[in-house]
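Data first, discussion second: the structure below is written as structure tokens.
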Amino acid sequence: MSHLSRRNFLKKSVFSGLFMGLTAKSYRSTFAAVPPSERVRIGMIGVGNQGGPRNNMKYFLNNIEALCDLDQNYLSEADAYLKKNANKSAMKTDDYRRLLDSKDLDAVVVTVPDQWHAK
């Protein structure tokens, strides 16, 4: 069995304590809740096959504030997904201009078929 001097014991203890303290602080700051003032509020234009719950919505789930699609079935499905997975509801519309004009949104994700890209 190796002999551990008091000096070596104190060095290792201090180093371990510092390491654990710094690790815990960085862990907390990484996973801390983002304050509402720093959160990006997103609107989704097109929540069907490409932009819907199975694809793009999952990446922005906690930031989605508005949904837009011409198909009411897709809107309902996307809203249900949002309620289930983020425990909230979003503004729903079939007019993309409402999202673009909204002062309550910081960004808009557009996932629509090719023929709508030029609009």
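The values are calculated or read from the model by the stated rules, or taken from the named source; none is laboratory data. All values reported here derive from a predicted model rather than from experimental measurement. Because the Cβ atoms are built from the backbone with ideal geometry, glycine has one as well, and the counts that use them run over all protein chains shown.
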message: Tell me yes or no: at least one residue of the range 102-119 is within 9 Å of Gly43 (Cβ to Cβ) and either more than 19 Å from the chain's Cα centre (by Cα) or in a helix (DSSP H, G or I) (or both).
response: yes
query: Which of (1) within 14 Å of the chain's Cα centre (by Cα); (2) of a type outside the set (A, V, I, L, M); (3) at pLDDT 90 or above is the odd one out, the single condition Asp95 does not satisfy?
result: (1)
